[in-house]
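Step one of this worksheet: look at the structure below.
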Amino acid sequence: MLEVDAALHPFEVSDLGGEALLDLVTDARHAEWRAGRRKLRLAYQLCVTNPAGPGIDPATWGDGLPGMAGDYDATLGGEGTPLVARFVVEDWAAACGVSRAAAQQFLANTLDLHHRLPRTHARVEGLELESWKALRLAEDTHDLSLACARWIDAFLHETGRYSCAAMAKAVKHGVAKFHPDRLEDGNGLRGRDDWDVTVDHEAGAEGTSTLEAIGSSLDLAKFHDLVCDEATTLGRLGDGDSLGQRKAKALAVIADRQATLDLLGLLDQDPPVHPDTGKAVARRRSYLKARLFVHLSLADLATLCAGTATVPPGAAGVVATNLFGPATTTLIGGYLKQLGADARVTPVIDTTRTWAVDAHDPPTAMREQVVARDPHCVHPYCARASTSCDLDHIVAFDDTGPPGQTNPDNLAPLCRGHHVLKTHGGWRYQRNRDGTYTWTNQHGRSWLVTDTGTIELTDNP
């Protein structure tokens, strides 16, 4: 494998050894530090040459139009940083081949590093500190006041220690000094504003997901005790799995029991009626409400619906799903068997169907067809799930135009930010006959979005 050293002398990696090899390892480290510094310089130059001002809205962390309900209108940089023009984020994301969220974070960190952490920035410029550590510090101090960030910056500069542990300790000291209300029982930075319960279906092997809860210490302790009691009961009833596995199973036991109790409270009426709305309540034994889209043949789906969940070894097919990623038909069949009457199977989506309506808003069936066809936002490098995207008319809808403008070939899922970019930011795109998308920005650069990723076209200027 042929490489070139710092003096531009060619060498063969397989021929190296001893001190010469270690010298080149050091050269590679220095090159990496210089590359990180160069990227920060370029990012900052992009920001300062595209300032927000009169008639130019600033870039924000939100996905939509400034001021719209539900959007996070905080500007990119923290307190004390200059405003950056709208759509600069998307330009950086496309040029770097990263998502919009990653671009937002990098540009915000760059602004914070320059204006809120000047001593840390000086160390990066002097090649005394890796850029990734400086960017991490910028991210960790972003929501703190300018005075707090400057204090943390000075504290670290004086100690000269920038390990991850040292930076975390400095941030905690700064928060205790300037934002004592943010400390939770003196144990870190997560507080009430961070309370949430989330589930990640992409984090484990097939059929395994991750649940994370952040909340009241007392409430979570009580819930954990309940889970442990259920796990102990399962063991006494003969479940031979480990304690950890039984605790995971206990979550389903608790959820299904609560669903049953809710229903029993309504059984004095026939049919059961919701006490607030007065509407009939469907009998159920599970709280599962998610809609699972499975991409497989109608023949396979019919087999699963018939209850044939047992598949001979090696015969299971792999299908795509919107919740669990790639999954075997055995797993899906098992889920249907477990849910029983709670499962509602609707094999109705034909992604190749050609039809049109005259209204601007597509009907539910058309939306489901487009979402099934394109599982994520079709802007370059964006991975936002299409289920949470807007459906954009590729050729803008014209109220005075011909009928049939709303059809699957003229619709594509765009996340709110990229929908706004296409409408107001000078970007344009088209859907190709093979189902790919070609995008062009206001500078004439273009990208091809395919099922397997984004390709920057070679004829970009």
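Listed by position, the helices (runs of 4 or more DSSP H) enclosed by region 92-147 that each have at least 3 residues that are over 24 Å from residue 178 (Cβ atoms) are 100-115.
Here is a check on your reading of the model: is residue 45 modelled with pLDDT of 95 or more, closer than 22 Å to residue 164 by Cβ and either of a type in the set (Phe, Trp, Tyr) or in a helix (DSSP H, G or I) (or both)? First the steps, then the outcome.
Details: modelled with pLDDT of 95 or more: yes; closer than 22 Å to residue 164 by Cβ: no; either of a type in the set (Phe, Trp, Tyr) or in a helix (DSSP H, G or I) (or both): yes.
Taking the combined requirement at face value, the residue does not satisfy it.
Looking at the structure I just gave you, is residue 393 within 25 Å of the chain's Cα centre (by Cα), within 14 Å of residue 361 (Cα to Cα) and not hydroxyl-bearing (Ser, Thr, Tyr)? The answer is yes for residue 393. Sub-6 Å Cβ pairs linking a first residue in region 33-44 that is loosely packed, with under 15 Cβ neighbours inside 10 Å to a second residue that is not aromatic (Phe, Trp, Tyr), at least 6 apart or interchain, number zero. Pairs please, first residue from region 142-161 and closer than 21 Å to residue 81 by Cα, second anywhere and acidic (Asp, Glu) and crowded, with 18+ Cβ neighbours inside 10 Å, Cβ atoms under 9 Å, 6+ apart in sequence or on different chains. Pairs that qualify, where the first residue is closer than 21 Å to residue 81 by Cα and the partner is acidic (Asp, Glu) and crowded, with 18+ Cβ neighbours inside 10 Å, are 142/112; 149/112; 152/140.
Quick one: how many residues across region 191-248 are within 30 Å of residue 172 (Cα to Cα) and of a type in the set (Asp, Glu)? Give the derivation first.
Going through region 191-248, the residues within 30 Å of residue 172 (Cα to Cα) turn out to be 191-200, 203, 210-224.
This time we only want the ones that are of a type in the set (Asp, Glu), so: 193-194, 196, 200, 212, 219.
Residues that pass the stated criteria total 6.
Residue 435 passes every criterion in (1) without any contact (Cβ under 8 Å) to a residue 60 or more places away in the chain; (2) on the phi > 0 side of the Ramachandran plot apart from (1).
Taking region 80-128 as the range and being of a type in the set (Phe, Trp, Tyr) and modelled with pLDDT of 95 or more as the test, the residues that pass are 92, 106. With respect to residue 98, is the statement that it is in contact with a Ser or Thr (Cβ under 9 Å, 6 or more places away or on another chain) and closer than 28 Å to residue 414 by Cα true? No, not satisfied.
Looking for something of a type in the set (A, V, I, L, M, F, W, C), at pLDDT 85 or above and over 30 Å from residue 181 (Cα atoms) - is there at least one such residue anywhere in region 195-206?
Here is the first cut: in region 195-206, the ones of a type in the set (A, V, I, L, M, F, W, C) are 195, 197, 199, 203, 205.
Of the ones still in play, those that are also at pLDDT 85 or above are 195, 197, 199.
Still in the list and also over 30 Å from residue 181 (Cα atoms): none.
Looking for residues that are of a type in the set (A, V, I, L, M, F, W, C), at pLDDT 85 or above and over 30 Å from residue 181 (Cα atoms), one finds none in region 195-206, hence no.
Is there a residue being surrounded by 15 or more Cβ atoms within 10 Å (Cβ to Cβ), touching a His at 6+ places or on another chain (Cβ under 9 Å) and assigned by TED's automatic domain parsing to the domain that holds residue 79 anywhere in region 154-166? Yes, the conditions are met somewhere in region 154-166. Restricting the first member to region 400-424 and to residues that are under 14 Å from residue 389 (Cα atoms) and modelled with pLDDT of 95 or more, and the second to residues that are part of a helix (DSSP H, G or I) and hydrophobic (A, V, I, L, M, F, W, C), the beta-carbon pairs closer than 6 Å and six or more apart or on different chains are 411/370. Looking only at residues in region 62-79 that are closer than 27 Å to residue 147 by Cα and surrounded by fewer than 16 Cβ atoms within 10 Å (Cβ to Cβ), the one that is modelled with the highest pLDDT is 74.
Could you tell me whether residue 212 is surrounded by 14 or more Cβ atoms within 10 Å (Cβ to Cβ), within 34 Å of the chain's Cα centre (by Cα) and at pLDDT 80 or above? Walk me through it before giving the result.
On the way: surrounded by 14 or more Cβ atoms within 10 Å (Cβ to Cβ): no; within 34 Å of the chain's Cα centre (by Cα): yes; at pLDDT 80 or above: yes.
So residue 212 does not fit the description; no.
Taken over region 221-253, the residue count meeting the criterion of being hydrophobic (A, V, I, L, M, F, W, C), loosely packed, with under 14 Cβ neighbours inside 10 Å and assigned to a helix (DSSP H, G or I) is 3.
The values are calculated or read from the model by the stated rules, or taken from the named source; none is laboratory data. These figures come from a predicted structure and were not determined experimentally. So basically every Cβ, Gly included, is an ideal-geometry build from the backbone, and we count neighbours across all protein chains shown.
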